[in-house]
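Peer 1: Following this message is one structure expressed as structure tokens.
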Amino acid sequence: MLLAQLPAINAALNATASVLLIFAYSAIRQKNILLHRRLMIAACCVSFVFLLLYILHKWYLWSATGSYNTHFSGSGLWRILYFVVLLTHVVFAAFLPLLVSLSLWRGLSSKFDKHRQIAKITFPIWLYVSLTGVLVYFMLYHWFAV
């Protein structure tokens, strides 16, 4: 069932966003503004699809199990590490749509000085959230799966 595959699809979308972000960063460091713009728009689209599918996954979990969350079965230091990663991931992810929207709007509006200011904050947070999203997926569904 496709709904059961949503965590894997979402992890792939997060990984894709991470790669796009890294290439976009490289492009802007090389002063290739057009490539940077295209890669960032692609990263935004991938992340938007991720968000839609993430919400769909939460609905599916609720309808199938009565809970919005998947239980982490690791123990000891792994459990502590998982919850530290998850907590920081969730906190940063809560602010990410605002940061990305503001960065995108400033860049597309040619307000490059203001774009650079917010992008210096947005980029590392977005990359962290995307990478830790993949990490959380592996911890939940592969490394410590029941």
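The values are calculated or read from the model by the stated rules, or taken from the named source; none is laboratory data. From a predicted model like this one, the values you see are computed outputs, not experimental measurements. Glycine gets a Cβ as well: all are built from the backbone with ideal geometry, and neighbour counts include every protein chain shown. Note: accessible area is taken over every heavy atom of the protein model, side chains too, but ligands, DNA and RNA are not part of it. Shrake-Rupley method; radii C 1.70, N 1.55, O 1.52, S 1.80 Å.
Peer 1: Output the residue which, of all residues in the stretch 63-73 that are loosely packed, with under 10 Cβ neighbours inside 10 Å and among the small types (Gly, Ala, Ser), is nearest to Ala145 (Cα to Cα).
Peer 2: By that ranking, first place goes to Gly66.
Peer 1: What's the total number of residues in the stretch 4-27 that are open to solvent by less than 60 Å² (accessible area, probe 1.4 Å) and over 30 Å from Trp59 (Cα atoms)?
Peer 2: 3
Peer 1: Would you mind telling me which numbered condition in (1) open to solvent by 30 Å² or more (accessible area, probe 1.4 Å); (2) modelled with pLDDT of 95 or more; (3) in contact with a His (Cβ under 8 Å, 6 or more places away or on another chain); (4) of a type outside the set (Lys, Arg) Val49 fails?
Peer 2: (3)
Peer 1: Something else: Which one of these does Val49 not meet: (1) under 21 Å from Ser18 (Cβ atoms); (2) without any contact (Cβ under 8 Å) to a residue 12 or more places away in the chain; (3) among the β-branched types (Val, Ile, Thr)?
Peer 2: Only one criterion in (1) under 21 Å from Ser18 (Cβ atoms); (2) without any contact (Cβ under 8 Å) to a residue 12 or more places away in the chain; (3) among the β-branched types (Val, Ile, Thr) is unmet by Val49, namely (2).
Peer 1: For the stretch 102-146, how many residues meet the condition of being within 20 Å of Leu35 (Cα to Cα) and not in a helix (DSSP H, G or I)?
Peer 2: Adding up the residues that qualify gives 3.
Condition check ((1) open to solvent by 40 Å² or more (accessible area, probe 1.4 Å); (2) closer than 16 Å to Phe50 by Cβ; (3) in contact with a helix residue (DSSP H, G or I) (Cβ under 9 Å, 6 or more places away or on another chain); (4) in contact (Cβ under 8 Å) with a residue 12 or more places away in the chain) across all residues:
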{"site": "Ser75", "(1), (2), (3), (4)": "yes, no, no, no"}
{"site": "Leu81", "(1), (2), (3), (4)": "yes, no, yes, no"}
{"site": "Pro97", "(1), (2), (3), (4)": "yes, yes, yes, yes"}
{"site": "Leu104", "(1), (2), (3), (4)": "yes, yes, yes, yes"}
{"site": "Arg116", "(1), (2), (3), (4)": "yes, no, yes, no"}
{"site": "Val129", "(1), (2), (3), (4)": "no, yes, yes, yes"}
{"site": "Met139", "(1), (2), (3), (4)": "no, no, yes, yes"}
